[in-house]
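The values are calculated or read from the model by the stated rules, or taken from the named source; none is laboratory data. Note that the structure is predicted; figures quoted are calculated from it, not measured. As a convention, Cβ positions derive from the backbone with ideal geometry for all residues, glycine included, and neighbour counts pool all protein chains shown. In case anyone asks, the SASA skips ligands and DNA or RNA and just uses the protein heavy atoms, side chains included. Shrake-Rupley method; radii C 1.70, N 1.55, O 1.52, S 1.80 Å.
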Amino acid sequence: MHARHLRARLKGWGGVGAMAAACALAVVFALAVTCTGSVASQASDPHRAGDRTAQARTADAPRAADDCEAPEKQTLSPSRADGPTITAIKNRPGEKRKLVVGVDQNSYRWGYRDPNGGESGRLEGFDIDLVHRIAEDILGDPDAVQFKAIPTDQRIPAIQDGRVDLVVRTMTINCSRLQDVAFSAPYFKTGQQVLAPKSSPVTGYDETLAHHRICTAKGSTAHAKLEEDRESGDLPASTDISTTVPNQLDCLVRLQLGEVDAVVNDGALAASQAAQDPTVELKGEAFTTEYYGVAMKKDADDLVRRVNQILVDFRQDTATGWQASYTKWLSATLDDDPSASRPPTPEYLRRS
């Protein structure tokens with residue numbers, strides 16, 4: 001994720017002012033449609049609260065966070081077999097027979113509604129391609145999806161409460177989150193970076209952040225990293241990290257309004273934000289290594305295994321899989337060479 005690789009291509013976005021307004025409206029809409037009901041009734045979903053013992057944990061289940069050294073490897077081996085979670089999804093009646101997925105609709109080229117996309121307002125992006133792939137494999141129809149816009153800080157609650165079957169929303173796999181949800185194998189590699197105005201004296205994640213206001217998304221790995229580093233002295237004590245927002249895109253709006261001086265975010269997302277506003281740029285190199293994964297309920301072992309199998313196929317499909325999706329959505333904002341973003345060969349707790 002090098003700043004020199006960034007290509008700020010503003011195809012049809014209509015300028016910074018228009019984009020800021022579009023961002024603000026999109027954020028309001030996302031919050032309005034979030035949390036609108038549950039995925040299914042307790043009678044049809046064996047994993048709802050009150051029936052959490054319906055499926056016993058398997059012997060190779062992910063370990064607790066206190067025994068977690070490589071969170072991206074704490075997942076189950078692939079399988080095409082249906083289990084109770086997938087069966088419940090397939091048995092939903094009529095129009096409810098859909099995969100319910102928590103996504104973002106404000107992350108440019110990841111999960112977003114193109115303002116020039118016409119009346120349909122169809123969600124597009126790298127994450128959305130993966131969602132359609134999962135739905136096609138499980139339900140035989142790539143469009144058998146009910147999308148739910150989920151703020152950054154509501155991704156885990158939405159899974160735990162049964163409002164969604166899974167979350168595909170640039171969600172970093174880490175040990176803390178493994179206490180609350182299960183993850184697939186990684187599908188993307190990234191790292192935290194600083195985004196700031198081109199005219200800013202900030203040069204990266206270093207002492208130049210002193211006396212500056214930093215924005216992060218609430219519940220994000222970026223905010224947790226800033227808190228940890230300021231406590232340890234690796235971040236200047238005068239750095240103001242008090243500004244947190246529900247969604248990552250809100251930070252770009254705050255930056256455009258001059259309410260903060262910089263944003264810390266996943267480099268993959270920050271690059272897309274820089275493409276929306278030519279007055280900002282990535283500063284310095286990525287200072288962490290992180291992996292995105294698909295998040296699901298902890299006891300949804302069959303769904304975890306199925307998604308991992310789908311990811312194997314997605315990576316190997318050169319025509320319409322990972323490489324094709326990267327080229328279509330991300331090469332313009334990251335790099336034509338996806339090697340820095342491609343996750344390593346997955347490792348599982350136990351192969352079966």
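Filtered by the rule that a residue be farther than 18 Å from residue 268 by Cα, open to solvent by less than 10 Å² (accessible area, probe 1.4 Å) and in a helix (DSSP H, G or I), the stretch 124-150 gives 131, 134, 135, 138. For the stretch 151-169, a residue qualifies if it is open to solvent by 20 Å² or more (accessible area, probe 1.4 Å) and among the polar types (S, T, N, Q), and the qualifying residues are 154, 160.
Of all the residues in the stretch 174-188, those that are open to solvent by less than 10 Å² (accessible area, probe 1.4 Å) and either part of a loop (DSSP other than H, G, I, E, B) or at pLDDT below 95 (or both) number 5.
Looking across the stretch 80-113, the residues that are part of a loop (DSSP other than H, G, I, E, B) and either free of Cβ contacts under 8 Å to residues at least 12 places away in the same chain or polar (S, T, N, Q) (or both) come down to 91, 93, 105.
Determine, yes or no, whether residue 255 is in a loop (DSSP other than H, G, I, E, B) and either farther than 19 Å from residue 171 by Cβ or not aliphatic (A, V, I, L, M) (or both). Please lay out each step first, then the result.
Numbers: in a loop (DSSP other than H, G, I, E, B): no; either farther than 19 Å from residue 171 by Cβ or not aliphatic (A, V, I, L, M) (or both): yes.
So residue 255 fails the test.
Selection of the stretch 222-246 for residues being buried (at least 19 other Cβ atoms within 10 Å of the Cβ) and in a helix (DSSP H, G or I) yields 222, 223, 225, 226. For beta carbons closer than 7 Å, sequence separation of 6+ or different chains, a first residue in the stretch 314-332 that is at pLDDT 95 or above and part of a helix (DSSP H, G or I) and a second that is open to solvent by 20 Å² or more (accessible area, probe 1.4 Å) and among the acidic types (Asp, Glu), the qualifying pairs are 325/129.
In the stretch 189-221, the residue that is least open to solvent (accessible area, probe 1.4 Å) out of those that are within 18 Å of residue 172 (Cβ to Cβ) and in a loop (DSSP other than H, G, I, E, B) is 191. In the stretch 78-123, which residues are in contact with a helix residue (DSSP H, G or I) (Cβ under 8 Å, 6 or more places away or on another chain), surrounded by fewer than 21 Cβ atoms within 10 Å (Cβ to Cβ) and either under 22 Å from residue 332 (Cβ atoms) or at pLDDT below 95 (or both)? Selection gives 113, 115. For the criterion of being within 22 Å of residue 125 (Cα to Cα), surrounded by 24 or more Cβ atoms within 10 Å (Cβ to Cβ) and modelled with pLDDT under 95, residue 249 passes.
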